[in-house]
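Student: Pasting a structure below so you can have a look.
The values are calculated or read from the model by the stated rules, or taken from the named source; none is laboratory data. For clarity, every value in this text was computed on a predicted model and none was experimentally measured. Please note: Cβ atoms are built from the backbone with ideal geometry, for glycine as well, and neighbour counts cover all protein chains shown.
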Amino acid sequence: MTTGNRGGEHSKQIENFFSLAAFFNFGIVIASKGFSDNLAKVDPLFNTKEMIMILLWGLAYLGTARSYTHAPAISLVFALEKLYYGIYWVHWMLVNHHYTEIRSIIEKDFLCGFFFASYGVVDFTFAFIFFYAAQKHFDKLFTGTTGLSIPVRSKVD
């Protein structure tokens with residue numbers, strides 16, 4: 001009994017997650033109603049400049065989706081970026097007690113409220129996926145199988 005190209009299928013799933021992460025980032029345009037200041041009024045982190053950076057990160061995810069196996073270090077960078085936003089969200093929700101305001105934000109502006117209620121969970125999920133992709137292929141940095149190899153000395157001078 002053969003299992004088929006399981007590794008290829010698995011790589012394709014990870015590629016799809018990279019693309020999905022990009023499209024979640026692109027969703028900032030919808031949540032912000034076309035770069036209005038609705039998100040920044042709730043949290044200044046999401047001003048227009050930051051939203052543009054979020055779109056650029058999304059383009060980076062999309063551009064890396066088919067080649068992530070050859071660039072594990074960039075997957076690690078993506079994971080750390082998503083982890084930053086996830087931790088920021090937890091801090092924003094719990095330390096600043098904004099979790100008590102989510103319901104009223106949703107009642108006033110559903111897209112804005114839904115964004116603030118969910119972006120941290122989404123970012124933690126993608127952080128995990130990016131960490132997984134990085135660790136799965138991180139050995140390539142040291143074995144010389146990518147164009148971005150780090151030279152490793154085999155003997156002591």
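Student: Condition test on K12, is it farther than 22 Å from F131 by Cβ, of a type outside the set (V, I, T) and surrounded by fewer than 20 Cβ atoms within 10 Å (Cβ to Cβ)?
Tutor: no
Student: Moving on. Any chance the stretch 67-74 includes a residue that's over 14 Å from D123 (Cβ atoms), in a helix (DSSP H, G or I), hydroxyl-bearing (S, T, Y) and in contact with a Lys or Arg (Cβ under 8 Å, 6 or more places away or on another chain)?
Tutor: yes
Student: Taking the criterion of being in contact with a Ser or Thr (Cβ under 8 Å, 6 or more places away or on another chain) and at pLDDT 95 or above, would at least one residue in the stretch 50-60 satisfy it?
Tutor: Within the stretch 50-60, one or more residues are in contact with a Ser or Thr (Cβ under 8 Å, 6 or more places away or on another chain) and at pLDDT 95 or above.
Student: How about the stretch 23-54: which of its residues are without any contact (Cβ under 8 Å) to a residue 60 or more places away in the chain and within 11 Å of the chain's Cα centre (by Cα)?
Tutor: Once the filter is applied, which keeps residues that are without any contact (Cβ under 8 Å) to a residue 60 or more places away in the chain and within 11 Å of the chain's Cα centre (by Cα), the stretch 23-54 yields F23, N25, I54.
Student: Is there a residue in the stretch 41-56 that is crowded, with 19+ Cβ neighbours inside 10 Å and more than 25 Å from N16 (Cα to Cα)?
Tutor: Yes: the stretch 41-56 contains one or more residues that are crowded, with 19+ Cβ neighbours inside 10 Å and more than 25 Å from N16 (Cα to Cα).
Student: Would you confirm, using the coordinates I've provided, whether G120 is within 16 Å of I14 (Cα to Cα), surrounded by 14 or more Cβ atoms within 10 Å (Cβ to Cβ) and not acidic (D, E)?
Tutor: No; evaluated as a whole, the condition is false for this residue.
Student: Search the stretch 84-108 for residues being surrounded by 13 or more Cβ atoms within 10 Å (Cβ to Cβ) and among the hydroxyl-bearing types (S, T, Y), and hand back the single one that is modelled with the lowest pLDDT.
Tutor: Filtering the stretch 84-108 for residues that are surrounded by 13 or more Cβ atoms within 10 Å (Cβ to Cβ) and among the hydroxyl-bearing types (S, T, Y), the one modelled with the lowest pLDDT comes out as Y99.
Student: Now for a different question. Could we say that L45 is touching a Cys at 6+ places or on another chain (Cβ under 8 Å) and part of a helix (DSSP H, G or I) here?
Tutor: no
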